[in-house]
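Once you've had a glance at the structure underneath, I'll fire off some questions.
The values are calculated or read from the model by the stated rules, or taken from the named source; none is laboratory data. The structure displayed is predicted, hence computed values, not measured ones. When we count neighbours, we look across all protein chains shown, and the Cβ atoms used for this are built from the backbone with ideal geometry, even at glycine. The area values use the complete protein model at the heavy-atom level, side chains included, leaving out ligands, DNA and RNA. Shrake-Rupley method; radii C 1.70, N 1.55, O 1.52, S 1.80 Å.
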Amino acid sequence: MRYVGDVAVGAVGLGAMPLSIEGHPDEARAVATVHAALDAGVTLIDTADSYHAPAGGAPGDGELLVARALAAYGGARDRVLVATKGGRGRTPDGGWTVDGDPARLRRAAQASARRLGVEAIGLYQLHKPDPAVPYAESLGALRDLLDAGTVRMAGVSNVDVAQIRLAREILGHRLVSVQNRWSPAVRDSEPELRLCTELGLAFLPWSPLGGISRSSLDGASAQAADPRFGAFHRVARERGVSPQRVALAWALARSPVVVPIPGASRPETARDSAAAAELALDGRELELLGP
């Protein structure tokens, strides 16, 4: 288990983005993927109002899917923390927009709460700083949402060290998480990870499997890996597990505040990712995988 604020969550979460953007699975498989993750011990699900197909989709499709999957789940749901994000949108050609206007952020959060069917969103995250809006003003919208009880905890995403410090100044201890891209291939958020470790903020890396090729679990050969990341495949062969599981175990070993949120679109990949919480790498393996 790890902590997001005062909430204990499974050490590996589920990134729900692949379940609702272009190329997403059908509803039955998407719901089965969520259920498989929950059965495997995942209790953090990450989505966003912008996670929808650019053509034929609508804002909030991903949130509605998560809500339906949870409603249909036969197990315990009271320990599941659903995190969503606001401040981004989609364009018809598949691009992404940024909108940090405080009034629109407040309306977006209220709409997200309705779609998720909750009185208060467990964790609401500012998706990305908007260069057209002073970051402090966007953060002020999160503070207003916290004060109003629309959200319980707040987080920020795609930020640098200075922005994290500003968010902590404005939100205080109600800032509980940072969500940045970080993986074996993309390690430029190391300064942000160190700051999160220092402050006790949950660090939720998105796309945490970057640099690791598809494993045999996905019907592809480990030999297709980028040679820069061959160590992950070597450890995986020695352990008899997927290289993705090794990559997530490596991430967990880097800091006690790391809670990776790998995406999944099939039940078997959700289960494999969750199993990384039980894979303890030894010192030799960690040295081989690199700092």
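Take Pro18 and tell me if it is under 28 Å from Val257 (Cα atoms), of a type outside the set (D, E, K, R) and open to solvent by 20 Å² or more (accessible area, probe 1.4 Å).
On the way: under 28 Å from Val257 (Cα atoms): yes; of a type outside the set (D, E, K, R): yes; open to solvent by 20 Å² or more (accessible area, probe 1.4 Å): yes.
For Pro18, the condition - under 28 Å from Val257 (Cα atoms), of a type outside the set (D, E, K, R) and open to solvent by 20 Å² or more (accessible area, probe 1.4 Å) - is met.
Pairs needed: first member in the range 64-77, at pLDDT below 95; second member anywhere, in a helix (DSSP H, G or I); C-beta distance under 7 Å; at least 6 residues apart or different chains.
Gly75/Leu38; Gly75/Asp39; Arg77/Leu70
Being more than 30 Å from Leu65 (Cβ to Cβ), open to solvent by less than 10 Å² (accessible area, probe 1.4 Å) and modelled with pLDDT of 95 or more, is that true of even one residue in the range 144-152? Break it down stepwise before answering.
At the first step, the residues of the range 144-152 found to be more than 30 Å from Leu65 (Cβ to Cβ) are none.
Checking the range 144-152: not a single residue is more than 30 Å from Leu65 (Cβ to Cβ), open to solvent by less than 10 Å² (accessible area, probe 1.4 Å) and modelled with pLDDT of 95 or more.
Could you go through the range 113-128 and let me know if any residue there is open to solvent by 10 Å² or more (accessible area, probe 1.4 Å) and either at pLDDT below 95 or among the polar types (S, T, N, Q) (or both).
no
When the residues of the range 60-83 are filtered to those that are in a loop (DSSP other than H, G, I, E, B) and of a type in the set (D, E, K, R), which remaining residue is least open to solvent (accessible area, probe 1.4 Å)?
Taking the range 60-83 first, the residues in a loop (DSSP other than H, G, I, E, B) are 60, 72-80.
Pick out the ones that are also of a type in the set (D, E, K, R) and you get 77-79.
Working: Arg77: 113, Asp78: 134, Arg79: 134 Å².
Checked the range 60-83; the qualifying residue least open to solvent (accessible area, probe 1.4 Å) is Arg77.
Hey, among Thr84, Thr47, Thr33, which residue is more than 29 Å from Arg104 (Cα to Cα) and either at pLDDT 95 or above or in contact with a Cys (Cβ under 7 Å, 6 or more places away or on another chain) (or both)?
Values: Thr84 fails: more than 29 Å from Arg104 (Cα to Cα); Thr47 fails: more than 29 Å from Arg104 (Cα to Cα).
Step by step, each of Thr84, Thr47, Thr33 is checked, and only Thr33 is more than 29 Å from Arg104 (Cα to Cα) and either at pLDDT 95 or above or in contact with a Cys (Cβ under 7 Å, 6 or more places away or on another chain) (or both).
Please go through the range 24-48 and pick out each residue that is surrounded by 24 or more Cβ atoms within 10 Å (Cβ to Cβ) and either touching a Pro at 6+ places or on another chain (Cβ under 6 Å) or among the charged types (D, E, K, R) (or both).
Passing the criteria: Thr33, Asp46.
Open to solvent by less than 10 Å² (accessible area, probe 1.4 Å) and part of a loop (DSSP other than H, G, I, E, B): does that describe Pro131? Lay out the reasoning, then the answer.
On the way: open to solvent by less than 10 Å² (accessible area, probe 1.4 Å): no; part of a loop (DSSP other than H, G, I, E, B): yes.
Considered against the rule, which asks whether it is open to solvent by less than 10 Å² (accessible area, probe 1.4 Å) and part of a loop (DSSP other than H, G, I, E, B), Pro131 comes out as no.
If you take the residues in the range 240-256 that are part of a loop (DSSP other than H, G, I, E, B) and open to solvent by less than 20 Å² (accessible area, probe 1.4 Å), which one is modelled with the highest pLDDT? Can you show your working first?
Filtering the range 240-256 for residues part of a loop (DSSP other than H, G, I, E, B) gives 240-242, 255-256.
Those left that are additionally open to solvent by less than 20 Å² (accessible area, probe 1.4 Å): 242, 255.
Numbers: Ser242: 95, Ser255: 98.
That would be Ser255.
Across the range 62-113, what is the number of residues that are among the charged types (D, E, K, R) and out of contact with any helix residue (DSSP H, G or I) (no Cβ under 9 Å at 6 or more places or on another chain)?
6
Also: Within the range 202-211, track down each residue that is open to solvent by less than 40 Å² (accessible area, probe 1.4 Å) and closer than 17 Å to His127 by Cβ.
Within the range 202-211, Ala202, Phe203, Leu204, Pro205 qualify.
Which pairs turn up if I take residues in the range 170-184 that are open to solvent by 10 Å² or more (accessible area, probe 1.4 Å) and at pLDDT 95 or above and look for partners that are among the basic types (Lys, Arg) and assigned to a strand (DSSP E or B) with beta carbon separation below 9 Å, at least 6 apart in sequence or on another chain?
Listed pairs, sorted by first residue: Arg174/Arg152.
In addition: List the pairs whose first member sits in the range 32-56 and is free of Cβ contacts under 8 Å to residues at least 60 places away in the same chain, whose second member is open to solvent by 20 Å² or more (accessible area, probe 1.4 Å) and among the polar types (S, T, N, Q), and whose Cβ atoms are under 7 Å apart, counting only residues at least 6 apart or on separate chains?
Short answer, once both residue conditions are applied: Pro54/Thr91.
Residues being touching a Lys or Arg at 6+ places or on another chain (Cβ under 9 Å), over 28 Å from Gly100 (Cα atoms), in a loop (DSSP other than H, G, I, E, B) and of a type in the set (Asp, Glu): count how many of those fall in the range 1-56.
Number of matching residues: 0.
Restricting the search to the range 147-178, which residues are more than 18 Å from Leu105 (Cβ to Cβ) and in contact with a Pro (Cβ under 7 Å, 6 or more places away or on another chain)?
Of everything in the range 147-178, just one residue is more than 18 Å from Leu105 (Cβ to Cβ) and in contact with a Pro (Cβ under 7 Å, 6 or more places away or on another chain), namely Val161.
If you scan the range 106-128, which residues turn out to be touching a residue at least 40 places away in the same chain (Cβ under 8 Å), of a type in the set (A, V, I, L, M, F, W, C) and in a helix (DSSP H, G or I)?
Hits for the range 106-128 are Ala108, Ala109, Ala111, Leu116.
Answer yes or no: is there a residue in the range 153-161 that is outside any loop (DSSP other than H, G, I, E, B), surrounded by 17 or more Cβ atoms within 10 Å (Cβ to Cβ) and either over 18 Å from the mean Cα position of the chain (by Cα) or not small (Gly, Ala, Ser) (or both). Before the answer, list the steps.
Restricting attention to the range 153-161, the residues satisfying the condition of being outside any loop (DSSP other than H, G, I, E, B) are 153-157, 161.
With the extra rule that they be surrounded by 17 or more Cβ atoms within 10 Å (Cβ to Cβ), the set shrinks to 153-157.
With the extra rule that they be either over 18 Å from the mean Cα position of the chain (by Cα) or not small (Gly, Ala, Ser) (or both), the set shrinks to 153, 156.
The answer is yes; a qualifying residue exists.
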